[in-house]
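Please treat every number below as a calculation from the coordinates, not as lab data. Given the structure is predicted, the values throughout are model-derived calculations rather than measurements. Quick reminder, even Gly has a Cβ in these numbers, built from the backbone with ideal geometry, and neighbours come from all protein chains shown.
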C-alpha cells in the first residue's frame, strides 16, 4: 500500500510541478517529427534529381522530350499529340498530392490529459492530492519506530516498580 500511495502521489506532484517541461517536450517532439518528414522528402527529391541527371547523361534526347513540360515551351514535334491539362484537372491533382501532408499536420501536439492538466485549478488540485497521498503513505504505512532492548527493559522495570 505504501508503494502504491507514494507512487501515485509522486506522479501527481511531479506532473503538476513539471507541467511546463512536459508541454515543451511534446512540442519539441512534434517539431522533430515534422523536421524528419521534411528531411525525408528532401532526400527523396535529391534521389529523384540524381536519377534524372543520370538519365540525361545517358540520353541527350530526353531533354528535348521533358523541356516542354518543365519549362512551359511549345512542343517541337509536329507529328506528336500532346495532352493538355485543364485548370480543374491540375487543381484536383494538387489537392490529391497535398492531402497526405494536411492529414499529418492535423495530429494533436499534446495528449488530451496534458491539456486538461494545464488548467490552473486542476494543477493546484493535482499538487494538493499528490502531497496528501505522499503524507498519507508516510503516516499510515511508514516504518514503525522500533525501540532498542535497553529501552524495552527499562520500560518493563518502570512498570514493575509502580504499585498496583
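Figures for the structure shown
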| read-out | value |
| --- | --- |
| Estimated inter-spin distance, residue 110 and residue 30, nm [label 7 Å along Cα→Cβ] | 0.9 |
| Computed E for residue 43/residue 84 - FRET, C-beta separation, R0 35 angstrom, nearest 0.05 | 0.55 |
